Amino acid sequence: MPNRPASPVIIVVEPFGGSTRRHNPSLPLVYWDDAAVTRGDGVFETLLLRNGRAANLERHLDRFVASAKLMGLPVPDAQVWRKATAEAVDAWYEDNDGDAKCGWTLTRGREATGIPSAWITVRPVGDEQLRQREKGVKVMTAARGYSIDAALPGVEKVTTGEIGEKTARNPAPWLTVGAKTLNYAANMAALRYARKNGFDDVIYVDEGRVLEGATSTVVIVKKGNRLRTPPPGGDILPGTTQAALFEYAQRHGWRCKEKELGVDDLVTAESVWLVSSVRIAARVTRLNEVKLPAPHNEAEVRQLITAALET
């Protein structure tokens, strides 16, 4: 008889810094008029749970707070979310082992009350994500469907959550690309399109300039122990895994730089990786119609990325 899938852990969080409570995953949680349902109006983070702890916790907290500020949501109390996450981790590892994915969600809440909603979930890592860690991914490049002029006044500040008088000149302050919002329908549609056409994932490009993956950050490896990634901010979401990788790699003799990349840079690199919290690292094995062979240091790079999340 096959093993029953692990039951999710759900912790409801009081968004204004109050108590938490365990929620039965078999019972409803979100109301019909919650902005998460009706508008996709909210923010989220996804963390890796490994070895009984949440990896890269503080970077996720920083981005979660920045996203909430961008969206005009109550600023998450870091200590409350640390405590609630620890509660969720402990609950998960009471009955399970191995990696898991932990999701934080903060929404604008019910239209009827105006009170935000917040919760944490823990679930197993999916089989497809585990396969892509090991086998890599076939990736197509595609336009994201819109462009943001990062040179416009205030855009860089707005997309990192730094809103104030100095950003008042920004002609479109609602362009919250720097927020990790619940409005992920376009990203999921891009992935479905890629899979329909024989690929596993998408790298967004803008007139040949590499942006990011649909749910990941692009990192390339160049000769001489060099790592490169497109500069975050503006029209690229800052990546927590990429930040952890660069900090760890630099301490171990790698030269890391944020630098604009073109599609040709991907093709000529030693290797190309999509890095993200739960999938961790998926090597790009094919880019459009170009096969990217495994580099001699694939195991070393994979270990480098993995170790960065375990420190």
| task | Could you go through segment 189-200 in sequence order and give the Karplus-derived ³J(HN,Hα) for each residue, using 6.51 cos²θ - 1.76 cosθ + 1.60 with θ = phi - 60°, rounded to whole Hz, and x for Gly and Pro? | result | 5, 4, 5, 4, 4, 4, 5, 5, 9, x, 10, 9
| query | Peptides 231-244, 97-110: what's the order by average Cβ count within 10 Å, highest mean first? | reply | 231-244, 97-110
| remark: The alpha-carbon center of segment 238-268 and that of segment 28-84 are separated, in whole Å, by 26 Å
| For TRP254, TRP119, order by how many other beta-carbon atoms lie within 10 Å, fewest first | TRP254, TRP119
| request: Would you please give the FRET efficiency between ASN297 and ALA91, computed as 1/(1 + (r/R0)^6) with r the Cβ-Cβ distance and R0 = 45 Å, to the nearest 0.05? | output: 0.70
| Karplus-derived 3J(HN,Hα), 6.51/-1.76/1.60, for each residue of segment 217-225, Hz, glycine and proline x | 10, 8, 10, 10, 10, 10, 4, x, 6
| remark: Low-density loop trypsin sites (Lys or Arg not before Pro), segment 4-61, at most 15 other Cβ within 10 Å, DSSP non-H/G/I/E/B, are ARG39
| Given R₀ = 25 Å, FRET efficiency for ALA189-GLU289 by Cβ-Cβ distance, to 0.05? | 0.65
| query | When semi-axes √(5λ) of the Cα gyration tensor in Å is calculated directly from the model, which label among (1) 41, 26, 15; (2) 33, 20, 19; (3) 31, 25, 19 fits? | reply | (3)
| In sequence order, calculated HN-Hα J values of segment 240-257 (Karplus, 6.51, -1.76, 1.60; Hz; x Gly/Pro) | 5, 5, 4, 5, 5, 4, 5, 5, 5, 5, 5, 5, 10, x, 8, 9, 10, 8
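None of the figures in this text is laboratory data; all of them are computed from the coordinates on show. Predicted, not measured: the structure shown is a model, and the values here were computed from it. Heads up, the Cβs are rebuilt from the backbone with ideal geometry, glycines too, and the neighbour counts pull from every protein chain shown.
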